[in-house]
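Have a look at the structure below, then the notes.
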Amino acid sequence: MSHCTTSSHKLYVVILSFFLLLIQGCSTLQDLANSVQKPRLSVTDVQVTGFDFNGIDLAFDVTVDNPNALSVQMQSYDYTLDISQQTFASGRQDNQTRIEASGQSTFEVPIRLDFKEIYTTAENLANRDEAAYQFKSTFAFDLPGLGRTEVPVRHSGDIPLLRLPSIRINSLRVEELRLSSAKVTLGMEFDNPNGIGFDINGFEYSLDIDGRQWAQGKALENINIARDGVTQLDIPINLDIAQMGVSAFQLLSGSQDVGYELDGNFSLDADQPLLGVIDFTFNRDGEVSLQR
């Protein structure tokens with residue numbers, strides 16, 4: 001009988017000890033969960049990493065600040081970019097990254113925007129030179145004692161909007177004609193529909209007249225393209241008549257319409273602090289009046 005009593009007492013002690021440990025463990029986990037803080041997020045920089053007249057590339061730097069005395073694990077993030085209350089970019093990225101205790105890490109969120117899509121979808125922006133945006137992102141973390149925890153971040157600002165310029169060829173003037181050489185001026189108009197101007201860093205071109213190459217080279221450095229308007233550009237061209245042949249001399253001696261094809265590439269520096277250098281490549285063909 002005493003043996004059974006002793007065994008029962010031992011079993012009671014074991015069970016009691018188990019429950020005490022369980023209660024203590026739950027208390028420890030609760031204390032841990034109460035002591036863990038969510039990471040703090042902020043958008044610390046927004047950069048234009050590339051742009052052309054078709055679209056713009058943005059990079060949002062999101063800094064994660066871990067205030068805890070132990071490291072936390074980031075699992076993923078998602079993002080959207082809204083313009084005029086419509087979403088034009090969204091995505092999700094799995095990113096298993098450990099954020100060290102009391103440390104910071106910065107993540108770059110790249111976004112590409114298409115100007116044509118913006119103008120087509122948001123008709124109220126068709127004639128605007130810039131648009132307000134709202135960047136929204138949510139980062140997911142695995143936090144000790146809390147498990148999966150999502151932390152949002154928001155950022156608003158303005159981005160420039162660009163529309164495609166147009167090039168028109170309106171004249172080919174003979175300034176000087178000799179048996180061995182000639183000087184001509186190709187006149188063209190740069191129609192810039194944007195609210196920002198551009199400085200020409202350089203212009204490379206190739207000009208064909210009536211199916212034969214007449215000239216190629218560089219011109220127009222340090223010339224400003226006016227905003228919201230048309231800028232007249234004159235390209236001086238020196239021709240080697242001795243190499244081009246008698247037919248070129250005869251053509252230049254008269255006044256008539258000639259067929260042309262012009263391939264060109266502008267290197268433009270935008271008069272806007274967020275933007276930098278942009279290349280604008282074009283091809284034009286048709287007829288132009290040869291003038292004396």
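Observations
- Portion, in percent, of the accessible area of the chain that falls on carbon or sulfur, probe 1.4 Å: 47
- Mean separation of Cα contacts under 8 Å (6+ apart) over length of the chain, as relative contact order %: 14
- Cβ-placed point charges (K, R +1; D, E -1), dipole of region 135-196 about Cα centre in debye, nearest 20: 120
- Leading residue at positive end of dipole, the chain (Cβ point charges), from LEU233, TYR119, ILE223: TYR119
- For GLY50, the amide hydrogen comes within under 5 Å of the amide hydrogens of ASP57, counting only partners 5 or more places away or on other chains and with H modelled in the peptide plane.
- Region 96-111 - phi-based ³J(HN,Hα) in whole Hz, Karplus 6.51/-1.76/1.60, Gly and Pro as x: 7, 10, 8, 9, 5, 4, 6, x, 10, 9, 10, 10, 8, 10, x, 9
- Residue among PHE198, PHE249, PHE139 with the largest mean-square fluctuation in a Gaussian network model of the chain, springs linking Cα atoms under 10 Å: PHE249
- Summed side-chain charge close to VAL109 - residues other than VAL109 whose Cβ falls under 15 Å, Lys, Arg +1, Asp, Glu -1: -3
- Projected label points at THR106 and SER71, each 7 Å from Cα along the beta carbon direction, are separated by 2.2 nanometres.
- Relative contact order, percent, region 83-181 [alpha-carbon distance under 8 Å, six or more residues apart]: 23
- Of VAL46, VAL246, VAL153, the one that fluctuates the most in a GNM where the chain has Cα springs shorter than 10 Å: VAL246
- log10 of Debye I(q)/I(0), alpha-carbon scatterers only, for the chain at 0.13 Å⁻¹: -0.95
- Taken along its principal axes, the alpha carbon cloud of region 47-116 reaches lengths of 48, 21, 19 Å, longest axis first.
- Cβ charges +1 (Lys, Arg) and -1 (Asp, Glu), total dipole of the chain, debye: 1200
- Accessible solvent surface per residue of the chain, calculated while the other protein chains remain in place, 1.4 angstrom probe, Å²: 54
- Selection among PHE51, TRP214, SER90 by position relative to the dipole of the chain gives SER90 as farthest towards the positive end (Cβ unit charges, Cα centre).
The values are calculated or read from the model by the stated rules, or taken from the named source; none is laboratory data. Everything numeric here is computed off the predicted structure, so don't read it as measured data. With ideal geometry, Cβ positions are generated from the backbone for all residues, glycine too; neighbour counts draw on all protein chains shown. The accessibility values were calculated without ligands, DNA or RNA, using every heavy atom of the protein model including side chains. Shrake-Rupley method; radii C 1.70, N 1.55, O 1.52, S 1.80 Å.
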